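Undergrad: Pasting a structure below so you can have a look.
The values are calculated or read from the model by the stated rules, or taken from the named source; none is laboratory data. Please read these numbers as outputs of a predicted model, since none were measured by experiment. Methodologically, a virtual Cβ is constructed for each residue, glycine included, from the backbone with ideal geometry; neighbour enumeration extends over all protein chains shown. Side chains are part of the model used for accessible areas, which takes the heavy atoms of the whole protein and leaves out ligands, DNA and RNA. Shrake-Rupley method; radii C 1.70, N 1.55, O 1.52, S 1.80 Å.
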Amino acid sequence: MEELQPGSVAECCRCGTTLAKGKANSISRTAALALAALIFYVPANIYPILRMEYHGAHSENTIWDGIVRLFQDGQWLVAVIVFLASIMIPLLKLLGLFYLVTTARLKWTRRQQERTWVYKIIDVIGPWAMLDVFLLSVLVALVRLKQLASITPGPGLLPFTAVVVLTILASSSFDPKLIWNVPDKGGAWKGGV
């Protein structure tokens with residue numbers, strides 16, 4: 001099979017369906033986006049997302065504060081879901097992307113099945129990582145609750161937004177064909193079957 005050049009598209013000659021797309025600089029782009037998301041991940045989780053003033057009472061809330069509060073209120077299942085979707089899954093997704101990028105950069109021919117599973121898991125959990133939904137709900141709360149209380153975005157909202165956007169871009173920029181690249185007889189690397 002001939003290697004697809006970056007930026008080109010392979011289409012079915014009968015129905016015109018896109019079969020594959022060549023992604024330019026997939027490894028470098030994915031690594032840069034994932035690293036940037038990981039850098040923003042720390043302030044997104046330690047700084048308050050919202051600041052609220054309600055009848056003289058001041059409150060600042062981080063994601064972790066919300067999870068702890070849910071546990072204290074006896075809503076264990078919701079707290080676990082929020083913890084997994086807002087803290088654990090994004091971190092595992094970024095670490096998985098780093099694993100795939102590193103092994104593709106080193107041109108490993110081992111553990112291709114395992115790496116394929118890592119990619120598939122990242123692809124499946126992506127929509128379930130509720131970060132974008134959480135961000136949207138925070139923004140809706142900012143608009144709707146403005147009449148009841150003074151709500152301002154906290155210093156963690158911008159890094160949180162950056163994590164959401166950069167993680168989505170990093171996931172979409174990785175070319176899974178790099179997992180199955182194999183050396184040809186001359187020692188050059190090309191896409192495998």
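Undergrad: If you scan the stretch 152-164, which residues turn out to be part of a helix (DSSP H, G or I) and open to solvent by less than 60 Å² (accessible area, probe 1.4 Å)?
TA: L157, P159, F160, T161, A162, V163, V164
Undergrad: Looking only at residues that are open to solvent by less than 80 Å² (accessible area, probe 1.4 Å) and at pLDDT below 85 in the stretch 114-128, which one is farthest from L169 (Cα to Cα)?
TA: I125
Undergrad: Could you pull out the residue among L77, L106 that is over 25 Å from S171 (Cα atoms), hydrophobic (A, V, I, L, M, F, W, C), open to solvent by 80 Å² or more (accessible area, probe 1.4 Å) and modelled with pLDDT under 90?
TA: L77
Undergrad: Could you look through the stretch 165-193, keep only residues that are touching a strand residue (DSSP E or B) at 6+ places or on another chain (Cβ under 6 Å) and in a loop (DSSP other than H, G, I, E, B), and pick out the one that is modelled with the highest pLDDT?
TA: The selected residue is N181.
Undergrad: What do you reckon, is L97 of a type outside the set (V, I, T) and open to solvent by less than 30 Å² (accessible area, probe 1.4 Å)?
TA: yes
Undergrad: Another question about this same structure. Condition test on L77, is it closer than 25 Å to P155 by Cα, without any contact (Cβ under 8 Å) to a residue 40 or more places away in the chain and assigned to a helix (DSSP H, G or I)?
TA: no
Undergrad: I've got another one for you. For the stretch 89-103, does any single residue satisfy the condition of being touching a strand residue (DSSP E or B) at 6+ places or on another chain (Cβ under 9 Å), within 23 Å of L166 (Cβ to Cβ) and either assigned to a loop (DSSP other than H, G, I, E, B) or at pLDDT 85 or above (or both)?
TA: Looking through the stretch 89-103, none of the residues is touching a strand residue (DSSP E or B) at 6+ places or on another chain (Cβ under 9 Å), within 23 Å of L166 (Cβ to Cβ) and either assigned to a loop (DSSP other than H, G, I, E, B) or at pLDDT 85 or above (or both).
Undergrad: Under 6 Å between Cβ atoms, which residue pairs at least 6 apart in sequence (or on different chains) link something in the stretch 96-114 that is free of Cβ contacts under 8 Å to residues at least 12 places away in the same chain with a partner that is β-branched (V, I, T) and assigned to a loop (DSSP other than H, G, I, E, B)?
TA: From the stretch 96-114, no pairs qualify.
Undergrad: Do we have any residue at all in the stretch 38-58 that's buried (at least 16 other Cβ atoms within 10 Å of the Cβ), part of a loop (DSSP other than H, G, I, E, B) and modelled with pLDDT of 85 or more?
TA: yes
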